[in-house]
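Taking it in order: structure first as structure tokens, then the write-up.
The values are calculated or read from the model by the stated rules, or taken from the named source; none is laboratory data. In this text, all values refer to a predicted model and were calculated from it rather than measured experimentally. No Cβ is skipped: glycine too gets one built from the backbone with ideal geometry, and neighbour counts run over all protein chains shown.
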Amino acid sequence: QAKTSGKNRHRVFNEEMDRRLVRKLGLEKDMRRALVRGEFFVLYQPKWDARHQQPAGVEALVRWKHPDIGTISPAEFIPIAEETGLIVPLTRWVLQEACLQNRRWQEEGLPSQKVAVNLSIRVFESQNLGEMVGEALQLSSLAPEYLELEITESLLLYDIEDIVRQLEELRGLGVTVAMDDFGSGYSALGSLDKMPIDTLKIDQLFIRESNLESKQAIILAIIMMARQLNLRLVAEGVETEAQMAFLRSSGCDVMQGYYYGKPMTEQEIQSWMERSLPA
Ligand code: C2E
Ligand code: MG
Ligand code: MG
Ligand code: MG
């Protein structure tokens, strides 16, 4: 009996692996056409400045509306896009879309704010990142100060001098740079002071467990460090009032998370913005 169920478990496991592989291969194939077919779209999640009680920008988060499967999360398709190299044209598209949208909001009279776009290491390897960002700004006539680029710590595993050079080129255009998911990955502490960045985003993981004293200690240390390094701070994944209150009392004022708003369509976020403006 035990033997059979063991075998069974093995079989179920293999079937599960097959199923995943088939799905991955299918997505890989379908993704090549998805861009031209207009299957990607961007949602925007607000950041909130709790001290000044005002919006503090939005983050562009890409989604894929697959014709058969439905909406697919970037957690699933970004790694595939990175493997296939499709991440480069996809990022070019997200950058243009986000800049055009931000410019449209400005033209409609909303207060100007930054839009943030996520960059994966693969687009740093493609070498013409500065050009790509410059083109998106030009195409949209968005002033560079209204674009932020989010990178992750794992970038520091690569040729750090080259990354620093590219980040400096980007900041030379007038855009700002944020280090996303800070504290979650390969520790970047050793080279953080060398990085030409403007903002640290504290990883959701710490916020999720910010009821624990041990996680509070880490959050406080990150906040202190950001101050010393003159970096702006954003806490990610703020879901509850208690988390918000702890962060505020610790000196982190800008927050992003479901407590304030989920990623939304451009119309939804526009009305969110209008509602949150002082009357
Ligand atoms: P990220 O850049 O760290 O984005 C934050 C993620 O946390 C988003 O997931 C967002 O929906 C989610 N989130 C925000 N607030 C909360 C909260 O209060 N609770 C919880 N549980 N989650 C929250 P999403 O949209 O699924 O994106 C996942 C990741 O995919 C992003 O993490 C980013 O690394 C990547 N990604 C998204 N769009 C792009 C893109 O255009 N280019 C690249 N290279 N990566 C992207
Ligand atoms: Mg991000
Ligand atoms: Mg993050
Ligand atoms: Mg992330």
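Assorted remarks:
- Answer from Ile197, Ile223, Ile219 - the residue that is within 16 Å of ligand 3 (Cβ to nearest atom), at pLDDT 90 or above and under 27 Å from Glu241 (Cβ atoms): Ile219
- Set side by side, the residues Ala56, Ala75 differ, and just one is modelled with pLDDT of 95 or more, in a helix (DSSP H, G or I), out of contact with any Ser or Thr (no Cβ under 6 Å at 6 or more places or on another chain) and surrounded by fewer than 21 Cβ atoms within 10 Å (Cβ to Cβ), which is Ala75.
- In region 157-259, counting only strands (runs of 3 or more DSSP E) that sit wholly within it, the ones holding 1 or more residues that are surrounded by 14 or more Cβ atoms within 10 Å (Cβ to Cβ), more than 16 Å from ligand 4 (Cβ to nearest atom) and of a type in the set (Ser, Thr, Tyr) span 176-182.
- Residue that is nearest to ligand 3 (Cβ to nearest atom) [pool: residues in region 226-252 that are over 20 Å from Leu212 (Cα atoms) and within 20 Å of the chain's Cα centre (by Cα)]: Leu233
- Comparison of Ala81, Ala116 shows that the only residue that is within 16 Å of ligand 4 (Cβ to nearest atom), more than 24 Å from Arg33 (Cβ to Cβ) and among the small types (Gly, Ala, Ser) is Ala116.
- Single match in Leu61, Leu43, Leu90 (criterion: farther than 21 Å from Gly261 by Cα, within 10 Å of ligand 1 (Cβ to nearest atom) and buried (at least 16 other Cβ atoms within 10 Å of the Cβ)): Leu90
- Residue within region 106-115 that is part of a strand (DSSP E or B) and buried (at least 19 other Cβ atoms within 10 Å of the Cβ) present: yes
- Any hit, region 157-172, residues being modelled with pLDDT of 95 or more and within 15 Å of ligand 3 (Cβ to nearest atom): no
- Glu145 being under 22 Å from Glu168 (Cα atoms), away from ligand 4 (no atom under 16 Å from the Cβ) and touching a residue at least 12 places away in the same chain (Cβ under 8 Å): yes
- Scope region 31-53; condition outside any strand (DSSP E or B) and among the polar types (S, T, N, Q); matching residues: Gln53
- Single residue of region 239-254 satisfying the filter (more than 14 Å from ligand 2 (Cβ to nearest atom) and in contact with a Leu (Cβ under 7 Å, 6 or more places away or on another chain)) that is nearest to Val177 (Cα to Cα): Cys252
- Filter result for the condition that a residue is within 15 Å of ligand 1 (Cβ to nearest atom) and closer than 25 Å to Tyr258 by Cα, over Ala34, Ala56, Ala81: Ala56
- Here Ser154 meets the list (1) assigned to a helix (DSSP H, G or I); (2) surrounded by 13 or more Cβ atoms within 10 Å (Cβ to Cβ); (3) more than 16 Å from ligand 3 (Cβ to nearest atom); (4) at pLDDT below 95 almost entirely, failing just condition (3).
- Taken over region 134-151, the criterion of being away from ligand 2 (no atom under 16 Å from the Cβ) and either hydroxyl-bearing (Ser, Thr, Tyr) or crowded, with 20+ Cβ neighbours inside 10 Å (or both) is satisfied by Ala136, Leu137, Ser140, Ser141, Leu142, Tyr146.
- The C-beta contact set for region 179-203 (first residue touching a residue at least 60 places away in the same chain (Cβ under 8 Å), second residue in a strand (DSSP E or B) and within 12 Å of ligand 3 (Cβ to nearest atom), distance under 6 angstrom, 6+ apart or interchain) comprises Asp180/Glu150; Asp180/Thr152; Asp180/Lys201.
Condition check ((1) more than 23 Å from Arg232 (Cβ to Cβ); (2) within 16 Å of ligand 1 (Cβ to nearest atom)) across all residues:
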{"position": "Arg104", "(1), (2)": "yes, no"}
{"position": "Glu107", "(1), (2)": "yes, no"}
{"position": "Leu129", "(1), (2)": "no, yes"}
{"position": "Leu142", "(1), (2)": "no, no"}
{"position": "Asp162", "(1), (2)": "yes, no"}
